[in-house]
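S.K.: After the structure tokens below, expect a handful of questions from me.
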Amino acid sequence: MNIRKATLSDSEQIAPILLLAMEDIIYKFLKKEDYAAAKDFLQYFIGRENNQYSFQNCFVAEADNEIIGAVNIYNGADLEALRTPIIEYVRKHFNPDFDPELETKPGEFYIDSLGVNPKYQGKGIGSKLLQYLIEEFVAKNNQTLGLLVDEDNPQAKKLYLNLGFQSVGKKTLVGKTLEHLQIQAK
């Protein structure tokens, strides 16, 4: 398995993988539970530059010329600028009242979403992606990584805590309360 920065040509494979982690949230963005519309929405933005879901902000795990995992991460200080194209698009096409909360802020690189192809789940791919990010951002560059975890997903929370993340509070995103976890350089 190889972990690398995503490229534009990866967009089509990244979208369904990240959607695994974001389905409920994207449905709230679009105000409808429509898998095809949600996947198309994500693929549209992953395939464009300078937005929060852009391939520019993704890393992929690859094996046998197939993307088996993907993670979307960006500097929390850039959230408002990166989110502007998303907000404008959602307001124009789906939800004129769309006004999501800020899920991150300056001072952390935010792991927005992480997904693993269902054929490869349970094989440690998600852990390896997280360990890669911890090495690159925390160990090598002295940055703080942050993420939100759903209280209904104790397995994910356990994984994050085992990797060294610690709870730093709660956040609300599209009306859902999530636990905010961070890992910092020692």
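S.K.: What number of residues within region 152-186 are under 17 Å from the mean Cα position of the chain (by Cα) and in contact (Cβ under 8 Å) with a residue 24 or more places away in the chain?
M.R.: Residues meeting the conditions: 15.
S.K.: In contact (Cβ under 8 Å) with a residue 40 or more places away in the chain and surrounded by fewer than 18 Cβ atoms within 10 Å (Cβ to Cβ), is that true of P85?
M.R.: yes
S.K.: Could you list, in sequence order, all residues of region 58-77 that are closer than 24 Å to G175 by Cβ and either surrounded by fewer than 17 Cβ atoms within 10 Å (Cβ to Cβ) or among the small types (G, A, S) (or both)?
M.R.: Residue satisfying the conditions is G76 alone.
S.K.: With (1) more than 21 Å from K176 (Cα to Cα); (2) under 13 Å from the mean Cα position of the chain (by Cα); (3) free of Cβ contacts under 8 Å to residues at least 60 places away in the same chain as the list, and S11 as the residue in question, which single condition is left unmet?
M.R.: Evaluating S11 over (1) more than 21 Å from K176 (Cα to Cα); (2) under 13 Å from the mean Cα position of the chain (by Cα); (3) free of Cβ contacts under 8 Å to residues at least 60 places away in the same chain leaves (2) as the failure.
S.K.: Identify, please: which residue in region 90-132 is over 20 Å from A15 (Cβ atoms) and aliphatic (A, V, I, L, M) and is, among those, surrounded by the most Cβ atoms within 10 Å (Cβ to Cβ)?
M.R.: Ranking the candidates gives L130 first.
S.K.: Moving on to the next point. Among the residues of region 1-19, which ones are among the aliphatic types (A, V, I, L, M) and either under 23 Å from K105 (Cβ atoms) or surrounded by fewer than 16 Cβ atoms within 10 Å (Cβ to Cβ) (or both)? Walk me through it before giving the result.
M.R.: Step one: filter region 1-19 for residues among the aliphatic types (A, V, I, L, M), giving 1, 3, 6, 8, 14-15, 17-19.
The answer is M1, L8, L18.
No value in this document is a laboratory result; all are computed from the given coordinates. As the structure is a prediction and not an experimental result, all values here were calculated from the model. Positions of Cβ are backbone-derived with ideal geometry, glycine not excepted, and every protein chain shown enters the neighbour counts.
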